[in-house]
Amino acid sequence: MVKIPILFLLFLFPVASFADVDDVVSNATVAYEAIRVVCSGVADEIGRVANISKANTAVSVVGTVAAGGALVAGITKSKEEEEIDRLIEEMCNAGGCSAEGVEAMSNAEFFENVLQPMAQIAELQEHIEKSKQLGNWRTGLLAGTIGTNLASAIMSGINTNQSDLIQRVTACNEMIEAIPDIEIELKKVGANPMEHNVMKKLSNARTWCKPINISDIEKIENRMKGVMGTSVAGVAIGAVGVGTSAAANSNKYMDMENKIKMSNKDKRKEQALNTTANVMSGANIATGAVETGLNISLITLTKKLMASAQRCEDVLR
């Protein structure tokens with residue numbers, strides 16, 4: 001718990017040594033000014049956090065949309081790959097993928113089993129080009145999620161420490177809670193607190209400056225840390241996704257000649273790379289949703305706290 005400086009305590013907790021009404025009123029005036037200094041600006045500080053949460057929400061939504069686009073591109077690419085495999089299998093089953101098989105064919109068999117199926121090469125090339133384009137889109141969109149998650153991690157990271165705000169709110173709360181002691185001291189010297197303007201101001205401050213729950217400020221810290229952690233995870237997920245997506249889209253797997261000659265082992269590896277890239281896209285959608293949820297909860301919380309702090313500051317003006 002943050003403690004109020006001793007000087008403030010002397011102002012806020014008058015003792016029986018006060019000689020007369022003027023002394024008590026004078027100290028009450030000093031206490032009021034101290035409250036104004038400490039409690040003013042809290043709304044702006046909370047508002048700054050709210051603005052960062054709004055910016056983070058916008059960034060995380062963009063990242064989530066990008067991850068969703070990457071997933072759609074990846075799923076569509078997988079369907080293209082299935083069609084490519086079907087066409088290659090059809091051509092190779094006809095004997096056109098084996099030099100030995102072609103050599104053993106008669107002219108009639110060559111025409112039927114090789115030349116006719118080879119007419120599908122143009123269709124095969126079209127599917128390969130489309131698959132490659134979809135892979136490039138997926139890689140680019142996943143790279144975009146790295147950028148949005150990195151931006152979110154930086155913005156939330158520099159705002160996870162709210163110790164200054166906690167100290168300020170704590171001091172403001174304790175000063176407000178000490179106002180009744182000033183009223184009691186004034187009554188002790190035989191004066192009516194409401195006959196003095198400063199006491200009316202302090203009474204208004206006590207009415208409108210409701211103590212802000214420190215646990216709510218700590219929630220801001222914890223949720224900012226949550227956003228930062230999720231964003232950092234999103235950066236890592238995006239990096240893996242970009243790497244696997246780019247690998248699956250390399251010439252090793254996307255060149256037509258390599259496609260036709262590809263072994264079953266390489267086909268399984270290509271499929272695994274595409275699956276991993278798609279899974280990373282889905283994982284980034286999940287991290288984006290978590291980030292967005294945390295930021296929206298932060299906006300709701302800070303809006304409530306800011307309204308309370310603003311009412312207090314309006315009274316203190």
Net charge around Lys210, counting only other residues with Cβ within less than 15 Å of its Cβ (Lys, Arg = +1; Asp, Glu = -1)? -2
For the chain, what is the calculated [θ] at 222 nm in deg cm²/dmol (nearest 500), taking -39500 (n - 2.57) for each run of four or more DSSP H residues and dividing by its residue count? -28000 deg cm²/dmol
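Order 212-218, 260-266, 59-65, 245-251 from most to least packed using the mean count of other Cβ atoms within 10 Å.
Highest-to-lowest ranking by the protection proxy: 59-65, 245-251, 212-218, 260-266.
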Going by how many other beta carbons lie within 10 Å of each one, how would you line up Thr300, Thr76, fewest first? Thr300, Thr76
GNM on the chain, Cα springs under 10 Å; top mean-square fluctuation among Gly140, Gly226, Gly190 goes to Gly190
Compute the distance from the alpha-carbon center of the stretch 184-218 to that of the stretch 54-91, in whole Å. 62 Å
Can you give the convex hull volume of the alpha carbon atoms of the chain per residue, in Å³? 107 Å³
Compute the angle between helix 21-39 and the longest alpha-carbon principal axis of the chain, please, reported from 0 to 90 degrees and rounded to the nearest 10. 10 degrees
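Could you line up Ser26, Ser203, Ser53 from fewest to most neighbouring Cβ atoms inside 10 Å?
Fewest-to-most Cβ neighbours within 10 Å comes out as Ser26, Ser203, Ser53.
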Residues Arg86, Arg223, Arg206, sorted so that the one with the fewest Cβ neighbours within 10 Å comes first: Arg86, Arg206, Arg223
Compute the acute angle (0 to 90°) between the alpha-carbon long axis of helix 214-248 and the principal axis of greatest extent of the alpha-carbon atoms of the chain; round to the nearest 10°. 10 degrees
Bounding extents of the stretch 156-292 in its principal axis frame from Cα atoms, largest first in Å, are 103, 18, 17
Enter the angle in degrees (range 0 to 90, nearest 10) between the Cα long axis of helix 42-93 and the first principal axis of the Cα atoms of the chain, meaning the one along which they spread out most. 10 degrees
Which distance in Å, rounded to a whole number, links the C-alpha centroids of the stretch 128-161 and the stretch 279-306? 17 Å
Mean-square fluctuation check for the chain, GNM, Cα pairs under 10 Å: which of Gly135, Gly293, Gly74 is largest? Gly293
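Please report, in whole Å³, the volume per residue of the convex hull around the C-alpha atoms of the stretch 190-268.
Details: hull volume 10.8 nm³, N = 79.
Value for the stretch 190-268: 137 Å³ per residue.
Only the coordinates and a few stated rules stand behind these numbers; no lab work does. Since the model is a prediction, treat every value here as computed from it, not as a measurement. Using ideal geometry, Cβ is built from the backbone for each residue, glycine included, and neighbour counts are taken over all protein chains shown.
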